[in-house]
1. Within the set of pairs 6+ apart or on separate chains, which have a first residue in the stretch 117-143 that is more than 14 Å from residue 49 (Cβ to Cβ), a second that is among the basic types (Lys, Arg) and surrounded by 14 or more Cβ atoms within 10 Å (Cβ to Cβ), and C-beta atoms under 7 Å apart?
2. Kindly indicate whether residue 113 is small (Gly, Ala, Ser) and modelled with pLDDT of 80 or more.
3. Does at least one position in the stretch 59-69 carry a residue that is at pLDDT 90 or above, in contact with a helix residue (DSSP H, G or I) (Cβ under 7 Å, 6 or more places away or on another chain) and not small (Gly, Ala, Ser)?
4. Does residue 140 qualify as being farther than 22 Å from residue 75 by Cβ and loosely packed, with under 13 Cβ neighbours inside 10 Å?
5. Assuming residue 37 fulfils every condition listed in (1) hydrophobic (A, V, I, L, M, F, W, C); (2) part of a loop (DSSP other than H, G, I, E, B); (3) at pLDDT 85 or above apart from one, which condition is it?
6. Of all the residues that make up the stretch 75-93, how many are at pLDDT below 90 and aliphatic (A, V, I, L, M)?
7. Kindly establish whether residue 22 is at pLDDT 80 or above and farther than 24 Å from residue 127 by Cβ.
8. When you go through (1) at pLDDT 90 or above; (2) farther than 18 Å from residue 44 by Cα one by one for residue 72, which number turns out not to apply?
Amino acid sequence: MADLKRWDPFRELTDFRDTVDRMFDRRAIRPFRLLSWENGDGAFPVDLAETDDAIVVTASLPGVKAEGVQVSVTGNQLSIKGETKTETEKKEANYYRQERYYGTFQRTLALPARVEAENADASFEDGVLRLELPKAADVKAKTIEVKPRKTIEAPAS
């Protein structure tokens with residue numbers, strides 16, 4: 001009898017309402033928006049991979065110039081900040097739709113291992129930022145050789 005739960009029809013309605021609310025959330029309506037207009041929080045796509053020796057991060061930052069990107073590592077947190085600027089301001093145009101974003105953005109990611117930030121390699125080409133962050137020496141996997149134990153045989157009596 002301890003495994004029985006009382007059925008609550010209103011719980012199912014509440015779950016449905018929460019699902020509909022999530023469906024109309026701003027991020028759900030505009031999932032492909034590069035950046036948020038309101039507060040500059042970045043939603044740009046990032047790939048984070050781990051090899052034996054390094055953490056590799058690839059971020060897509062279309063329309064951003066290399067001078068507009070700042071990368072920092074604090075502890076196990078990686079921060080990518082940037083800024084895009086308008087080329088020219090068009091006062092005569094009446095916009096019906098404006099999806100390109102101009103302003104600042106930032107995204108912070110937790111790294112899966114400690115890294116040596118001073119030895120990091122960063123490159124930026126065609127709107128793609130690539131970071132290679134070498135793992136700290138004490139984090140890298142070490143191979144320990146297993147040696148067979150020598151047995152001593154007793155003389156036969």
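The values are calculated or read from the model by the stated rules, or taken from the named source; none is laboratory data. It should be emphasised that the depicted structure is a prediction, and the values quoted were computed from it without experimental measurement. Don't worry about glycine lacking a Cβ; one is built from the backbone with ideal geometry, like all the others, and counts go over all protein chains shown.
1. Listed by first residue and then by second, the contacts come to 123/130; 136/114; 139/114.
2. The answer is yes for residue 113.
3. The answer is no; no qualifying residue exists.
4. No, not satisfied.
5. Going through (1) hydrophobic (A, V, I, L, M, F, W, C); (2) part of a loop (DSSP other than H, G, I, E, B); (3) at pLDDT 85 or above one by one, residue 37 breaks only (3).
6. Looking only at that region, the number is 1.
7. no
8. For residue 72, the failing item is (2).
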